[in-house]
Amino acid sequence: MKCAVCGRKAAVEVRRQGRAFCPEHYLEWFEHQVERAIRRHRMLKKEDRVLVAVSGGKDSIALWEVLRRLGFHTTGLHIQLGIADYSKRALEATRRFAEERSLPLIVVDLKETYRLTIPELAELTRRRTCSVCGLTKRYVMNRVAVEEGFDVVATGHNLDDEASVLLGNVLHWQTDALVRQDPVLPAKEKLAKRVKPLYLLTEREILAYTLLRRLPYQHEECPFAAGAKSLLYKEALNKLETAMPGTKQAFLEQYLKKIEPVLQKGLSAEEVALRECERCGYPTTGEVCAFCKTWDHAYRWAKRKGRIPGEVRFEAEPLLTFIPEGKGGGDARPAPSQEPAG
Amino acid sequence: MRVVLRTPEREERELKGPKKVREVLEELGIVPEGVIVARGEELLTLDDEVADDDTLEIISAVSGGKR
Ligand code: SF4
Ligand SMILES: [Zn+2]
Ligand SMILES: [Zn+2]
């Protein structure tokens, strides 16, 4: 198998495009794909301050690297979930990446900020770990972006993530979730713009990029990922993809092009207005947002069990640790609230 | 050949060579779309042939959970 550009021996095959590339031209191809997605959907402007959500895994690390190479002004946001050694090693990989490239990093440690880790939050609320974890990450990400004056949050969601979520939503006809699959979610009052620049690249392609660029990343999986439905959907899609290259891309892209707009129109009557959460002031459809509700719930139980002193009230404001250029200890301080910095 | 699986837990297998990467994956029951196969620093395609004294690494690309 030969490189489609130079004819040298190929290292990575992109079967859905019927092509293969040598290492050098693969890296070029990959970065070009990301650049094209960004331009096509107007995800980012050159002058934007971009907050990159970085878990330390291959997707977010590859995303940060590509955005940096494309010349965007990026800051990483890493959330310490408190999932034992897994979380510690995630922070190590993230810090190493930031430090080697002198990129600014913000860390929010959930235990430090909110007194509980994600496993504790799940246990106290008796909810699935991934569900309270996803909710918390989304809230913190948005709040840091809004309060620190970032123009946009970029996440490492890839084609497999998006196609498997779509498959899950279709299998259960989750219409409310189906209309929110766009690679770009525009900003609203106190809701930062969100973009997914890797949404048309597969996990395999992203892993190949990470390996060829020799990026430090955490290969180990979160212990709570095992048995997740998303893995089952991904496996099913990968079987289809192997037999019919291009299936994942067509499934997602054609949905976004043909079906989602129709759904959005048809369901727009049902769209509920957003209001401010009575606890934290951030957008919600009810009186209290799901984030505050969940954490308040956990606090009630934690107090009953004597793990948190009775007089402590849950405060939604995250504590940020700034690590300029990825170096040094960095001091924790609360985000200067409300007004964006610039 | 020695095959080191990182899917993502580390596991080792011994297979007879030479054969194509595609056949290695078939023999191990691994779906090619979910992995990258490497020989040292070199990434391999399904058509590449690997020798009996090669050491391969099969790295899983699939990650789970809500992100
Ligand atoms: S797998 Fe679940 S618990 Fe682990 S980081 Fe992802 S969402 Fe959180
Ligand atoms: Zn080439
Ligand atoms: Zn709230």
Restricted to the stretch A:200-248 and to residues being in contact with a strand residue (DSSP E or B) (Cβ under 8 Å, 6 or more places away or on another chain) and facing chain B (nearest Cβ under 8 Å), the residue nearest to A:Glu123 (Cα to Cα) is A:His219
Could you check A:Trp301 against (1) at positive phi; (2) modelled with pLDDT of 95 or more; (3) part of a helix (DSSP H, G or I) and say which number it fails? (1)
Would you kindly identify the helices (runs of 4 or more DSSP H) lying entirely within the stretch A:203-289 that contain at least 2 residues that are within 16 Å of ligand 2 (Cβ to nearest atom)? A:203-212
Just to be sure before I move on: is A:Ala226 aliphatic (A, V, I, L, M) and surrounded by fewer than 19 Cβ atoms within 10 Å (Cβ to Cβ) in the structure I sent? yes
Among the numbered criteria (1) β-branched (Val, Ile, Thr); (2) touching a helix residue (DSSP H, G or I) at 6+ places or on another chain (Cβ under 9 Å); (3) not in a helix (DSSP H, G or I), which single criterion is violated by A:Thr94? (3)
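Check whether at least one residue in the stretch A:180-195 is among the polar types (S, T, N, Q) and under 30 Å from A:Gly266 (Cβ atoms), and report yes or no.
Yes, the stretch A:180-195 has at least one match.
Taking strands (runs of 3 or more DSSP E) that do not extend beyond chain B, which have at least 3 residues that are more than 12 Å from every other protein chain (Cβ to nearest Cβ) and surrounded by fewer than 16 Cβ atoms within 10 Å (Cβ to Cβ)? Outline the logic, then answer.
On the way: elements: B:2-6, B:10-14, B:35-39, B:42-44, B:55-60.
The strands (runs of 3 or more DSSP E) meeting that bar are B:10-14.
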If you check every pair at least six apart or on different chains, which have Cβ atoms under 6 Å apart with a residue in the stretch A:146-164 that is within 14 Å of chain B (Cβ to nearest Cβ) first and a residue that is part of a loop (DSSP other than H, G, I, E, B) and small (Gly, Ala, Ser) second? A:Val153/A:Ala192
Scanning the stretch A:1-35 residue by residue, the ones that are part of a loop (DSSP other than H, G, I, E, B), in contact with a Phe, Trp or Tyr (Cβ under 7 Å, 6 or more places away or on another chain) and at the interface with chain B (Cβ under 10 Å from one of its Cβ atoms) total 2
Per the filter on the stretch A:122-134, residues within 11 Å of ligand 1 (Cβ to nearest atom), surrounded by fewer than 20 Cβ atoms within 10 Å (Cβ to Cβ) and part of a helix (DSSP H, G or I) are A:Ser131, A:Gly134
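Return yes when A:Leu27 is surrounded by 17 or more Cβ atoms within 10 Å (Cβ to Cβ), within 16 Å of ligand 1 (Cβ to nearest atom) and farther than 22 Å from A:Arg194 by Cβ and no when it is not.
Working: surrounded by 17 or more Cβ atoms within 10 Å (Cβ to Cβ): yes; within 16 Å of ligand 1 (Cβ to nearest atom): no; farther than 22 Å from A:Arg194 by Cβ: yes.
It is false that A:Leu27 is surrounded by 17 or more Cβ atoms within 10 Å (Cβ to Cβ), within 16 Å of ligand 1 (Cβ to nearest atom) and farther than 22 Å from A:Arg194 by Cβ.
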Quick check on this structure: which one of A:Thr294, A:Thr284 is touching a helix residue (DSSP H, G or I) at 6+ places or on another chain (Cβ under 9 Å), touching a residue at least 24 places away in the same chain (Cβ under 8 Å) and among the β-branched types (Val, Ile, Thr)? A:Thr294
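Mind listing just one residue for me: the one in the stretch A:296-324 that is touching a Leu at 6+ places or on another chain (Cβ under 7 Å) and closer than 30 Å to A:Ala192 by Cα and, of those, farthest from ligand 3 (Cβ to nearest atom)?
It comes out as A:Ile323.
Take the residues of the stretch A:41-72 that are among the charged types (D, E, K, R) and part of a helix (DSSP H, G or I): which is nearest to ligand 1 (Cβ to nearest atom)? Lay out the reasoning, then the answer.
Step one: filter the stretch A:41-72 for residues among the charged types (D, E, K, R), giving A:42, A:45-49, A:58-59, A:65, A:68-69.
Remaining after also requiring part of a helix (DSSP H, G or I): A:58-59, A:65, A:68-69.
Values: A:Lys58: 14, A:Asp59: 12, A:Glu65: 21, A:Arg68: 24, A:Arg69: 27 Å.
Filtering the stretch A:41-72 for residues that are among the charged types (D, E, K, R) and part of a helix (DSSP H, G or I), the one nearest to ligand 1 (Cβ to nearest atom) comes out as A:Asp59.
The values are calculated or read from the model by the stated rules, or taken from the named source; none is laboratory data. Please read these numbers as outputs of a predicted model, since none were measured by experiment. Heads up, the Cβs are rebuilt from the backbone with ideal geometry, glycines too, and the neighbour counts pull from every protein chain shown.
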